[in-house]
Amino acid sequence: MDKKVIKRLLWAVLFSAGFMFFLLGKVDWSHFSLIAGRLDIKYFISSWCVFVAGNFVRALRFHKLDHTGNRLLHWWNINAFYNITTATLPGGAGEAATAYILKRFSMFNILGAFRILFLSRLLDLFALSALFLCSAFFISSDTPYRETAVWISGILFLMSLAALLPSSEQFTLKMIKNMSRHNRLAQRICEKLSELSAISEEQRNKKTYNMTLFQSVLMMAAGVMSVHLLLRAFGINFTPVQSAYCYGVYMIFQIMPVQGIAGIGTQAAWWTLALHAAGYSAPDAIATGFILHGSFYFFIVLIGVVSLLLWMGGKQRVK
């Protein structure tokens, strides 16, 4: 194994362990039993169902972005693998592993695999920033960090919108070309960006761009609803706007490339901070952060197990 990879993994383990010990030192263990005691299983199952629906929409979007004719079931399995790797591996290792799987099983070359993942992430950012901006505007004016949230979500929205517009793509490419005339590295970056722009243009020519944008917004809305129902399951009566704001804060932290191994410690911290930002400052906030992370990881693993069984069943039928 490459030394740099080993070093990154060690840093990820240390980072996770540091967050874990810090949070466990502040959590009251009795809070876990209190949260379990007020669990409403109907809301929990509803949250799981909405989560599955959101993942089905993501699989549909992958299928829409695909130009090699892979079946929808294939993209459902890829989506399940993508969820597990990005939730488990640190930094961008999950995207790298998914790109390899796409290259191995989807008739993509490695650049084509990275292009479809890059475009998916860009669409995710557009939908997330739009919903986060709306929630930051409509949430109570005395909500912690509201003004900061408006600025961050607004900047991310404008950046993602500019990246998706063909005119801004061409302007950016022309600017980089002018700057890279005497720089070989910049020329190579410009070539790769041109190829990334090509796949976006291909989707626009297929007239599927509007549909993929709609699917992205629908997917993020499903994420918000899943969080809202899960919070209700644990006795936290947030309004839908508060849940959207909480989800937005959490996802902004998710962008940071410091997730650790399986999000242990870090994800609970992000959820705790998101709950506090949305107005939940109860003593059991840290324990709730751990339970939210565990619940969504359970959802992801369950989808992965179902997808593995479907994949194995498909292989047996082929034989």
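Bear in mind that the values in this text are calculations on the coordinates, not laboratory data. Quantities reported herein were computed from a predicted structural model and do not represent experimental measurements. Here the Cβ is made from the backbone with ideal geometry for all residues, glycine too, and neighbour counts use every protein chain on show.
The figures follow:
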item	result
Residue-by-residue Karplus 3J(HN,Hα) for the stretch 46-53, coefficients 6.51, -1.76, 1.60, Hz, glycine and proline x	4, 4, 4, 4, 5, 4, 5, 4
Translational diffusion of the stretch 211-254, µm² s⁻¹ [Kirkwood Rh, Cα pairs; Stokes-Einstein; 37 °C; 0.692 mPa s]	303
In nm, spacing of pseudo-spin labels at Cys49 and Cys134 (7 Å Cα→C-beta vector)	2.3
